[in-house]
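Novice: I have a structure I would like to understand better, so I am pasting it below and will then ask my questions one at a time.
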Amino acid sequence: MRIRKEDIIVIILAGILVLIVIIMIFISFNQGGQTSTAPSATVTTEPTLPSFLQEDPINYDVEASIKLWDKVDNKPPLSATDAAAKNTTIISILHGIESGVLYESPQVRLEYVKSLDMFLAEITTTKLSSAKAEVNTWLRGQGLTQEGICNLPVIFYVNLESAEKLQGENIVFKPSAPGC
């Protein structure tokens with residue numbers, strides 16, 4: 001089985017989310033266990049993220065990311081209309097290929113990853129909202145409802161070049177489609 005670029009990105013994002021959850025559990029566990037009233041000379045240190053995460057110029061909304069990954073792991077059922085629109089879109093554009101690019105513009109590239117049965121949207125611009133809206137509009141034009149788009153799921157990420165251009169703007173990026 002060949003590992004595709006999209007699969008690697010999904011695995012990295014999943015790893016980041018798992019790491020964030022582990023850090024949050026670790027913090028809450030350590031804070032919850034301190035019930036002693038005796039003074040102590042402890043030094044508290046905040047857990048730090050690995051350097052590759054600290055260097056990411058875009059901050060991903062943790063709560064939205066966890067919610068989105070839950071939809072990847074526990075896919076909500078699509079309505080009959082949305083399931084038919086999804087299948088028609090994949091079959092008509094990919095022509096039997098299992099994974100590939102469904103839509104591409106100067107702002108965004110939308111791909112279907114069969115091995116994970118999900119959609120990845122790489123934003124290639126600094127106009128994040130515009131790129132997300134463009135994908136949303138395209139998917140609606142394929143016959144999907146907004147609920148269907150949310151349940152596919154579609155995962156948005158900002159490519160490195162665009163993220164570096166946005167560095168220092170204190171952006172918190174929600175990786176789900178608009179309205180999800």
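Novice: Over 14 Å from the mean Cα position of the chain (by Cα), modelled with pLDDT under 95 and open to solvent by 50 Å² or more (accessible area, probe 1.4 Å) - does that describe any residue in the stretch 114-121?
Specialist: Yes: the stretch 114-121 contains one or more residues that are over 14 Å from the mean Cα position of the chain (by Cα), modelled with pLDDT under 95 and open to solvent by 50 Å² or more (accessible area, probe 1.4 Å).
Novice: Anything in the stretch 122-142 that is open to solvent by 60 Å² or more (accessible area, probe 1.4 Å), free of Cβ contacts under 8 Å to residues at least 24 places away in the same chain and in a helix (DSSP H, G or I)? List them, or say none.
Specialist: Thr137, Arg140, Gly141
Novice: Within the stretch 90-101, is there a residue that is open to solvent by 60 Å² or more (accessible area, probe 1.4 Å), in a helix (DSSP H, G or I) and touching a residue at least 24 places away in the same chain (Cβ under 8 Å)?
Specialist: no
Novice: To continue, here is another question. If you take the residues in the stretch 54-82 that are touching a residue at least 60 places away in the same chain (Cβ under 8 Å) and in a helix (DSSP H, G or I), which one is nearest to Tyr103 (Cα to Cα)?
Specialist: The selected residue is Asp82.
The values are calculated or read from the model by the stated rules, or taken from the named source; none is laboratory data. All values derive from a computational prediction rather than experimental measurement. All Cβ positions, even for glycine, are placed from backbone atoms using ideal geometry, and neighbour counts span all protein chains on display. Ligands, DNA and RNA are excluded from the accessible area calculation, which covers all protein heavy atoms including side chains. Shrake-Rupley method; radii C 1.70, N 1.55, O 1.52, S 1.80 Å.
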